[in-house]
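Everything on this sheet refers to the single structure shown next.
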Amino acid sequence: MRDTLFPFQENAVIELHQKINNAHALWNENNPQIISFSAPTGSGKTIILTTLIEEIVFGSTENDAENDAVFVWLSDMPELNEQSRLKIEGKSDKLFVRCLETIDAYFDQEYFSGGMVYFLNTQKLGSEKLLTQHSDSRQFTIWETLTNIARKSPHRFYVIIDEAHRGTWTNQRAEKTAQSIMQKFIFGSKEDELCVMPLVIGVTATPQRFQNLISGTSSTIQNVKVSPEDVRDSGLLKDRIIIHYPEIEINADMTMFQNAVDDWRKKCKTWAAYCEDSGEKRTVKPVLVVQVADGNDTAVTKTDVADCLRILEKTFNRPLLPGEVVHTFNDKGNVSFGNYVMRSVEPSRIEEDEKINVVFFKMNLSTGWDCPRAETIMSFRSARDYTYIAQLLGRMIRTPLARRIASSAYLNNVSLFLPYFNEETVLNVVKALQEGEASIPAETGTGRQMVTMERNRDLADIFTAAAPLITYRVDKARKLPPLKRYYSLSRALTLDDIDTNTWKIAKNTIFKKIESELEKMKSNGSYDEAVNSITGFGLKSLIFDYSGNAYTFDKTKNILSVSEFDIEGTFNRADRILGDGLGKDYWVRHGDRDHIEVKTEVIIFVNNEKAMQKLGGFAEGEFAEIFDKYSDEIYKLPEARQDYYNKLVETSDTPIPVPWLLPLSIDASLSSNDKPYKNHLYLLEDGSFKSSLNTWEEGVLKEELENGAMAWLRNLPRKKWALQIPYQVNGVTTPMFPDLMVVNKAGKDYRFSILEPHDPSLKDNCDKARGLALFAEKHKNVYSRIELIRKQKGKDGKEHFYRLDMGKVKIRNLVRSVSSNAELDRIFDNEAVTLV
């Protein structure tokens, strides 16, 4: 796989392997198997399955290679087949073009060939189609080929039903036909002499729809699900969908089209600037997608496309270029609007054709279309078409660089303009996006609610001074083995020219650790015992006496040597467990010795649990030390590379501090209860800041501003840019998001303080207090004050805000040892102080 999988994708691959192994163990002719693999729109289902296929055919850490495995990838449209084939071809570094074959009308084989992925669609499988009929030029129907391979190799044959884009048909009859053909693979078909497929993997974005497809089957069904939260957290999808619509019912469609064009042009400029500043190899070129109304016998569409083109030319201040504005109208070639000839293109070709700036379409882009460049959509459809608009957004929600842009909230948004909608009908779109079959794991709302705030330009010096600030990134990501993280970090530091020796040093250090452990095993005798269990095994004989009709065991034990072939296979598995080819590199390092002896050492080391744990513990410490050493240089790299290092950090069992890089812009949601506040670090477009602070937060902020604070930040919970501090709840590391950060000035220096007003009645008080104390222990030199605050009555009988400053040694030592909220209450009573 050319791409690095996200942790949730790796988890899905592992779980699919487990379900497949279970399925093979359970399968017999009376117990066929089905695996339902459901994942939200944009989760990379094709990437996950491509990795799964690679690991089945070529082997993985936990699974031996099945070089003769056969895959049939079934969808209900040729366009979807082609899209999947091209994506696999582009992403896989093992499944070459010769391994990927689209079944056409002339396909005629008794069996499918091993190591191949065949693409088949339901439109080729009707009773009148060539593939399903015998003829002078066809010896085997496709049904016979499927049955032959299913019976010959039931544990090596995989049928993948790509059901992720079903339900987007506008023709219900066509959808029912596709569904009935798909069901033949699940139930079999006596009429076609097709047996039930031994193992079917259903790929879907809507689990209920696939359940309907397999309803009534006697097959054993297993489920693999990817959660929407994991996809959203990965950065693969845009954070927010912002819907714009007129406040009053008015014929303002072309005015809103102009607004959509302006939004798209701003996206183009912002992306170009970001890609240049970040050193991206390829500049993201956003596409404006325009959905038009249906036509009639005399017109392609009732929408005034010619007027749209005039607005585009006026905005560009030049004539439109050939091919920069295209359409995807079904069964239409090039179409003329005024003097402009609009080229027809296939949806699957839009993403890679960077000459295309604007795409006009009706309905067909909502079907299996992937174009991460599409960032702004204008729909001239009426409000009754809200479900198709929601489905279309599912194709536009992917991030162009397959990652969240940390420095700009604006680039993590999709804009939707709906001139024929009102507040009530817009809610139908929002509901469809959040609850319906087209549901998308992204925050959705109107342009009045969802805003982007830019840095306060009057406080530029503060942002410069904030460079040393520290945060943590506590993530639910699957934790990588420490050895893999350490090796990956050292390799990345070398490739990024931060320290060209780190990779070499890391590899040599790992080998020395392995050699040291092996020497200890050899000296205490455990090594020879392990060698005997690997390179040889005892063989007993049973003797049957025909004359006496009795049997006895021969007491003579014969020792047989394991063949070199078997040792090679065991070594390959050990090498995969070590990861990154370290086993093979160890073999090369000892190239002057007998190769069986060296491979046996690798096998013995990997099979020794204590030795592996010891190496892992060493690697964990080295990772933290090296990351801390080079942290400043890492966060001077382009954002794409920073993102790689961040992902390594997030896969650590132990939270690791990283620089808190305040972004150029942040996103927020406004409500009718918001109030204006001054001196915030980020501002709305009109120069104001609005938020809903509770009474404690507002009271603490007022005290701070009255006592000299010159700026502050509302630390929004769960936002990727926000300050996180780790704390433990029942042994599980969890992030807290302190409510406020305030900035004071001392001479020429700026002082940054973390403030957490926290209700003492909440159960998490004790846990969060310990987390703040541990954070202060490590980072007391970065933050001036780190305070847990509560409102309570003082000796004067009045309520004040009392503060425990974890930056003070005495307070920190007391809080670190608390085990109950009652103990924390006593510390507050005895040690807390007021600001005024």
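So the values come out like this:
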{"quantity": "Scope segment 730-750; condition within 15 Å of THR471 (Cα to Cα), open to solvent by less than 30 Å² (accessible area, probe 1.4 Å) and touching a residue at least 40 places away in the same chain (Cβ under 8 Å); matching residues", "calculated": "PRO735, ASP739, LEU740"}
{"quantity": "Strands (runs of 3 or more DSSP E) fully within segment 330-389 counting 2 or more residues that are open to solvent by less than 20 Å² (accessible area, probe 1.4 Å)", "calculated": "358-361, 374-379"}
{"quantity": "In segment 567-596, residue nearest to GLU62 (Cα to Cα) [restricted to those that are open to solvent by 40 Å² or more (accessible area, probe 1.4 Å) and not in a helix (DSSP H, G or I)]", "calculated": "ASP580"}
{"quantity": "Residue satisfying condition, being over 19 Å from PHE361 (Cα atoms) and small (Gly, Ala, Ser), within set ALA252, ALA293", "calculated": "ALA252"}
{"quantity": "Checking ASP162 against (1) at pLDDT 90 or above; (2) within 28 Å of HIS17 (Cβ to Cβ); (3) buried (at least 22 other Cβ atoms within 10 Å of the Cβ), the condition it does not meet", "calculated": "(1)"}
{"quantity": "Residue within segment 33-45 that is out of contact with any strand residue (DSSP E or B) (no Cβ under 7 Å at 6 or more places or on another chain), among the small types (Gly, Ala, Ser) and open to solvent by 50 Å² or more (accessible area, probe 1.4 Å) present", "calculated": "no"}
{"quantity": "Hey, SER753 closer than 26 Å to LEU664 by Cβ, open to solvent by 20 Å² or more (accessible area, probe 1.4 Å) and in contact (Cβ under 8 Å) with a residue 24 or more places away in the chain or not", "calculated": "no"}
{"quantity": "Residues satisfying the stated conditions in segment 494-512, i.e. assigned to a helix (DSSP H, G or I) and buried (at least 16 other Cβ atoms within 10 Å of the Cβ)", "calculated": "THR494, THR502, TRP503, ALA506, LYS507, ILE510"}
{"quantity": "Segment 116-147, residues that are in a helix (DSSP H, G or I) and open to solvent by 10 Å² or more (accessible area, probe 1.4 Å)", "calculated": "GLN123, LYS124, LEU130, THR132, GLU144"}
{"quantity": "Test: residue in segment 467-489 that is out of contact with any helix residue (DSSP H, G or I) (no Cβ under 6 Å at 6 or more places or on another chain), more than 27 Å from PRO726 (Cβ to Cβ), touching a residue at least 12 places away in the same chain (Cβ under 8 Å) and of a type in the set (D, E, K, R)", "calculated": "no"}
{"quantity": "Scope segment 756-776; condition open to solvent by 70 Å² or more (accessible area, probe 1.4 Å) and in contact with a His (Cβ under 7 Å, 6 or more places away or on another chain); matching residues", "calculated": "none"}
{"quantity": "Subset of segment 678-697 that is small (Gly, Ala, Ser) and out of contact with any Ser or Thr (no Cβ under 7 Å at 6 or more places or on another chain) - its residue that is surrounded by the most Cβ atoms within 10 Å (Cβ to Cβ)", "calculated": "SER691"}
{"quantity": "Tally, over segment 628-677, of residues that are open to solvent by 60 Å² or more (accessible area, probe 1.4 Å), among the aliphatic types (A, V, I, L, M) and touching a Phe, Trp or Tyr at 6+ places or on another chain (Cβ under 8 Å)", "calculated": "1"}
{"quantity": "Odd one out for LEU480 among (1) in a loop (DSSP other than H, G, I, E, B); (2) under 21 Å from the mean Cα position of the chain (by Cα); (3) within 30 Å of LYS780 (Cβ to Cβ)", "calculated": "(3)"}
{"quantity": "Subset tally (residues that are among the small types (Gly, Ala, Ser), over 20 Å from MET396 (Cα atoms) and part of a loop (DSSP other than H, G, I, E, B)) for segment 247-300", "calculated": "4"}
{"quantity": "Sole exception among (1) without any contact (Cβ under 8 Å) to a residue 40 or more places away in the chain; (2) open to solvent by less than 70 Å² (accessible area, probe 1.4 Å); (3) under 30 Å from LEU74 (Cβ atoms) for GLU191, by number", "calculated": "(2)"}
{"quantity": "Total residues in segment 624-659, condition under 17 Å from THR502 (Cα atoms), without any contact (Cβ under 8 Å) to a residue 60 or more places away in the chain and not small (Gly, Ala, Ser)", "calculated": "4"}
{"quantity": "Any hit, segment 231-239, residues being under 21 Å from the mean Cα position of the chain (by Cα), buried (at least 22 other Cβ atoms within 10 Å of the Cβ) and part of a strand (DSSP E or B)", "calculated": "yes"}
{"quantity": "GLN724 vs. criteria under 22 Å from ARG473 (Cα atoms), touching a residue at least 40 places away in the same chain (Cβ under 8 Å), buried (at least 19 other Cβ atoms within 10 Å of the Cβ) and of a type in the set (S, T, N, Q)", "calculated": "yes"}
{"quantity": "Segment 68-103, residues that are farther than 16 Å from GLU346 by Cβ and open to solvent by less than 10 Å² (accessible area, probe 1.4 Å)", "calculated": "ALA69, VAL70, PHE71, VAL72, TRP73, LEU74, ASP76, ILE88, SER92, LEU95, ILE103"}
{"quantity": "Any hit, segment 55-64, residues being charged (D, E, K, R), open to solvent by 10 Å² or more (accessible area, probe 1.4 Å) and modelled with pLDDT of 90 or more", "calculated": "yes"}
{"quantity": "Selection from segment 777-794 of residues that are over 15 Å from ILE725 (Cβ atoms), touching a residue at least 24 places away in the same chain (Cβ under 8 Å), out of contact with any helix residue (DSSP H, G or I) (no Cβ under 9 Å at 6 or more places or on another chain) and open to solvent by 40 Å² or more (accessible area, probe 1.4 Å)", "calculated": "SER784"}
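Per-residue answers, yes or no, for (1) at pLDDT 95 or above; (2) among the small types (Gly, Ala, Ser); (3) not in a loop (DSSP other than H, G, I, E, B):
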{"residue": "LEU772", "(1), (2), (3)": "yes, no, yes"}
{"residue": "PHE775", "(1), (2), (3)": "yes, no, yes"}
{"residue": "ASN781", "(1), (2), (3)": "no, no, no"}
{"residue": "ILE786", "(1), (2), (3)": "yes, no, yes"}
{"residue": "ASN813", "(1), (2), (3)": "no, no, yes"}
{"residue": "SER819", "(1), (2), (3)": "no, yes, no"}
{"residue": "ASP825", "(1), (2), (3)": "no, no, yes"}
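The values are calculated or read from the model by the stated rules, or taken from the named source; none is laboratory data. Owing to the predicted nature of the structure, the values given are computational and were not obtained by experimental measurement. Don't worry about glycine lacking a Cβ; one is built from the backbone with ideal geometry, like all the others, and counts go over all protein chains shown. Note: areas computed on protein heavy atoms with side chains; ligands, DNA, RNA excluded. Shrake-Rupley method; radii C 1.70, N 1.55, O 1.52, S 1.80 Å.
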